[in-house]
Amino acid sequence: MKLTIYGAAEEVTGSCYLIECGTQKVLLECGLFQGGHEQERRNWDDFPFAITEIDAVVLSHAHIDHSGRVPLLVKRGYSGPIYAHHACKALCDIMLQDSAYLNKKDAEWENKRRKNTEELVEPLYDVDDALSAIELFEGTDYNTIEEILPGVRLRFLDAGHILGSAIVELWHEEAGKTSKLVFSGDLGYRQSTVMRDAAVVNSADLVLMESTYGDRQHRPYESTLAELKEVFDAARQGGGNILIPAFAVGRTQDLLYLLSQHYQEWGLENWSVFLDSPMAIRTTETYAQFQDLFDVPLFNRAGETPGLPNLVLTRTTEESIAINQVRSGAIIIAGSGMCTGGRIRQHFKTNISREETHIVIIGFQAYGTLGRSLVDGATTIKLWGTEYPVRARIHTVGGLSAHGDQADLLQWYDEFEGNPPVVLVHGEPDAQRTLARELRKRSGVDARIGTYAQTITIG
């Protein structure tokens with residue numbers, strides 16, 4: 001068995017790994033590159049392997065940086081099976097169509113900018129490509145071993161990250177010898193209020209491991225709750241709005257649960273809570289269909305959040321625009337989570353230059369994104385060619401992360417027997433170097449940082 005790294009190498013987005021099992025080839029993840037313009041241009045590049053030689057695709061979860069190039073793969077000729085957990089399949093049905101819609105809008109904006117003075121651009125892929133990809137999905141359950149190719153077996157275990165997220169176990173048997181790769185996927189935060197803890201794995205010949213927060217610990221959960229209460233109290237006294245850029249899958253549902261649980265304590269009866277994201281609304285309804293995968297009763301059968309009576313779901317553009325007339329007392333939860341697109345940018349346009357506005361960042365912000373600029377203290381931002389001064393108060397609340405911190409990652413690895421070698425992916429260089437150093441302290445673990453196009457023999 002051989003592993004070649006083609007994405008999320010010394011960076012966080014674009015997850016993509018080629019697994020060669022003898023003459024058979026499995027593509028593990030097929031994600032979009034996200035961030036600034038230069039990063040996103042890479043999505044148009046040719047795939048660094050022959051698409052016609054791929055026999056199966058395996059996805060750990062539905063986040064776009066892990067699944068977002070699947071429609072492009074299909075558009076360019078792939079027609080084989082795509083294996084994912086049933087809930088991951090349901091979410092991809094939503095997210096890949098939404099990604100296609102955003103690609104279309106981006107192409108329309110670029111063509112408008114060019115004003116017919118240059119060759120028109122086409123979207124990376126369209127909704128038909130996304131639907132064609134979904135038809136290839138084969139859903140499976142956790143804890144079920146399945147032979148996906150002759151001599152190649154697959155099992156998904158709960159990664160505790162988002163709905164349907166999985167740790168991937170792959171076995172290849174050839175000439176009486178079995179090799180095993182374990183891919184962590186994105187591992188969840190053990191203090192998460194909603195998701196279960198990541199499953200324990202005991203054996204591997206190689207561990208391919210994420211490292212997003214490999215250099216830090218999250219704030220204690222109690223401190224996070226106290227900080228959120230302080231934000232709500234300050235905003236109520238100042239008379240402004242609260243804007244929360246939230247990832248439609250995972251973070252939004254965690255946040256809705258927290259708001260319902262602390263409704264009285266945080267004085268939320270004085271607010272209108274807007275979930276201003278059609279994709280997040282559809283995702284929340286999907287979460288309601290998989291209650292058995294959560295530690296808590298998250299939603300009722302209609303996808304509603306008990307205990308949050310002032311939640312307003314804004315599906316249409318007109319409903320979203322109307323929110324901008326609200327000058328005080330609005331909590332606006334909108335995508336995108338890294339502020340690279342979506343309705344949150346419209347709300348920034350109206351609110352970010354108002355001193356009474358509070359912006360709460362609750363998720364990872366990759367280099368090159370607007371969200372990262374705000375976290376790093378930007379004094380102005382550019383929206384649709386216009387500069388806006390940043391006068392709003394920016395709060396970074398790390399304790400709501402869907403990713404495990406360094407302690408979670410090390411604890412998960414420590415369950416393996418025999419200290420198998422580790423290759424780190426899905427992390428920025430500083431985080432990876434720190435995590436690799438901590439792993440090596442554990443009886444001399446062979447911990448390496450994966451690099452682009454690097455090939456590693458397993459077993």
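The values are calculated or read from the model by the stated rules, or taken from the named source; none is laboratory data. What you see is a predicted model; the values in this text were computed from it and never measured. With ideal geometry, Cβ positions are generated from the backbone for all residues, glycine too; neighbour counts draw on all protein chains shown.
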| request: Among residues belonging to region 344-369 that are over 22 Å from Leu228 (Cβ atoms) and in contact with a strand residue (DSSP E or B) (Cβ under 6 Å, 6 or more places away or on another chain), point out the one that is surrounded by the most Cβ atoms within 10 Å (Cβ to Cβ). | output: Arg345
| remark: Reported set for region 202-222 where residues are at pLDDT 90 or above and surrounded by fewer than 20 Cβ atoms within 10 Å (Cβ to Cβ) is Asn202, Ser203, Asp205, Asp215, Arg216, Gln217
| query | Restricting attention to region 384-403, which residues are crowded, with 20+ Cβ neighbours inside 10 Å and at pLDDT 95 or above? | reply | Ala392
| message | So in region 277-298, with the set limited to residues that are surrounded by 23 or more Cβ atoms within 10 Å (Cβ to Cβ) and small (Gly, Ala, Ser), which one is nearest to Arg343 (Cα to Cα)? | response | Ser277
| field | Filter pass, Gln365 being touching a helix residue (DSSP H, G or I) at 6+ places or on another chain (Cβ under 7 Å) and either more than 30 Å from Leu435 (Cβ to Cβ) or outside any strand (DSSP E or B) (or both) | value | yes
| note | When every residue in region 113-136 that is crowded, with 17+ Cβ neighbours inside 10 Å and β-branched (Val, Ile, Thr) is compared, the one nearest to Leu73 (Cα to Cα) is Ile134
| request: Return the pairs, sorted by first residue and then second, in which the second residue is part of a loop (DSSP other than H, G, I, E, B) and charged (D, E, K, R), the first residue lies in region 30-41 and is not assigned by TED's automatic domain parsing to the domain that holds Gly341, the beta carbons are less than 7 Å apart, and the residues are 6+ apart or on different chains. | output: Cys30/Arg69; Gly31/Arg69; Leu32/Arg69
| said: Residue under question is Ala378, and the condition is that it be outside the structural domain of Val194 (by TED's automatic domain parsing), part of a loop (DSSP other than H, G, I, E, B) and in contact (Cβ under 8 Å) with a residue 24 or more places away in the chain; does it hold? | reply: no
| field | First in region 90-112 and surrounded by 18 or more Cβ atoms within 10 Å (Cβ to Cβ), second anywhere and charged (D, E, K, R) and assigned to a helix (DSSP H, G or I), Cβ under 8 Å, 6 or more apart | value | Ile94/Arg282; Ala100/Asp129
| task | Considering only residues that are assigned to a helix (DSSP H, G or I) and at pLDDT 90 or above, look in region 262-276 and name the one that is surrounded by the fewest Cβ atoms within 10 Å (Cβ to Cβ). | result | Glu269
| Residue match in region 66-73 (condition: hydroxyl-bearing (Ser, Thr, Tyr), modelled with pLDDT of 95 or more and out of contact with any helix residue (DSSP H, G or I) (no Cβ under 6 Å at 6 or more places or on another chain)) | no
